[in-house]
Every structure is written in structure tokens, then in C-alpha cells.
Amino acid sequence: MTHFRPRLLIKNGTLIDGSGCDPVPNTLVVVEGNRIAHVGPAAGRLRPESPDDTVIDAAGKFILPGLIDAHCHISLHQGALPGIKYTSTAEFCSLWAAYAIGRVLRAGVTSIAVPGGKWFTDVTVREAVGGGLLEGPRMVVAGRALSNYGGIFDPDPYPAFEGQSGRYGWRFMQYARRIHSRDPQTMQAGGRSDQDRRLDLGRRADGRR
């Protein structure tokens with residue numbers, strides 16, 4: 001007795017293959033395992049559907065290859081989240097990236113390149129996708145991005161979140177004045193100086209601690 005593997009059959013859709021050719025209506029796509037075994041009209045040599053096959057009727061819809069996003073950052077988010085204060089931790093970034101990567105896949109993007117991010121979140125999510133813990137696209141990642149202090153990739157909690165969130169505007173202005181001041185004493189105010197942070201970055205780049 002011959003055993004056939006279950007297949008995915010996508011029927012009756014309009015195929016856009018990305019080659020520049022005209023769309024092809026009423027196309028059958030057969031996927032066996034992780035490979036596309038057939039694309040085109042239903043051929044007589046194809047074995048009939050079986051109860052084990054998954055069949056998708058794509059009538060009125062379009063079939064196209066997975067998209068590639070060659071530059072994205074899944075560990076970043078734009079704007080504040082209502083009621084959330086501490087969004088710069090490694091744990092929050094990992095949860096955010098795990099949430100975002102599923103949305104990326106559902107949008108039809110099946111491969112992404114991440115040229116840097118916060119912490120090692122992108123690497124962690126890539127391993128989780130590869131291990132079957134998450135559903136996501138294929139990922140090529142660069143790891144933790146180099147960043148200036150206070151930049152978008154700086155993993156430290158933003159100064160606005162040190163204390164009461166209602167004082168965001170005041171703290172941000174104090175932070176901005178300290179960073180851009182030409183007075184060394186002012187730059188030293190408020191704790192660890194930016195000069196110290198730059199020295200630390202230089203030591204790490206040089207392999208020293």
C-alpha cells in the first residue's frame with residue numbers, strides 16, 4: 001500500500017508569480033511538505049484529493065509569492081502605549097517582537113532582514129521561530145545595534161520614566177538641556193555623565209571592561 005503525504009491545495013485563485021507575466025486565473029497550487037510541487041492548471045496526472053489534504057478555495061482572491069522586507073526593526077515601537085511606563089526592558093522588547101513577528105507573517109511577508117535592534121531580542125525571536133515556539137518569517141538578523149546614549153537603540157530606560165510619568169515634559173527638557181549643554185558641570189549633573197558612558201562604550205568596543 002502506497003502512503004501519500006498530506007498536501008496543501010490552493011484552488012481557483014488568480015496567480016501573480018512576480019515574474020512580470022500577466023496574472024493567471026483559476027490556478028492550482030500544490031504544496032507537499034515545505035515545497036511547491038505544482039503550479040498551473042489541474043493536470044490529469046495529479047492524484048485526486050484525499051481527506052488528509054488541506055484545501056483552500058481561493059476564488060476571487062490572489063496568490064503570490066511571499067514578500068521580502070529587506071530592512072525592518074521588530075524590537076522597536078513608535079509612540080507610547082497607553083498605561084505602559086517601562087517599555088525599554090529586554091523582557092518587554094522580547095514580548096513586543098514576538099507579537100509583531102506574527103503580524104509580519106500574516107501580512108504576507110515570509111522573509112525579513114533586521115540590521116540591528118535593542119538587546120538581542122531579534123536573535124531570540126529568530127531562534128523561537130526556528131524552534132517552532134512562534135510562527136514567523138525567515139529572519140536574517142544582525143544582533144544588537146550600536147547606539148548613542150539616548151538614541152532609538154539605547155536599551156536604557158528613557159529618563160522620562162524615572163519617577164512620575166506625569167512629569168514627562170519637564171524631565172525630557174531637563175534631559176535635553178543636559179545632553180546639549182556646553183558646560184561640563186551641567187553635563188555631570190543628575191548622576192552618571194554622558195562622558196562616562198562614551199568611555200564605557202569605547203572600552204567595550206576595545207574588548208575591555
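The values are calculated or read from the model by the stated rules, or taken from the named source; none is laboratory data. For clarity, every value in this text was computed on a predicted model and none was experimentally measured. Here Cβ is always computed from backbone atoms with ideal geometry, including for glycine, and neighbour counts include all displayed protein chains.
Quick notes on this one:
- Condition check for Y86: modelled with pLDDT of 90 or more and aromatic (F, W, Y): no
- V31 being outside the structural domain of E127 (by TED's automatic domain parsing), modelled with pLDDT of 90 or more and exposed (fewer than 15 other Cβ atoms within 10 Å of the Cβ): no
- When D53, D57 are checked against the criterion of being at pLDDT 80 or above, over 30 Å from K118 (Cβ atoms) and surrounded by 12 or more Cβ atoms within 10 Å (Cβ to Cβ), a single residue qualifies: D53.
- Looking only at residues in the range 120-147 that are part of a helix (DSSP H, G or I) and touching a residue at least 40 places away in the same chain (Cβ under 8 Å), the one that is farthest from L95 (Cα to Cα) is D122.
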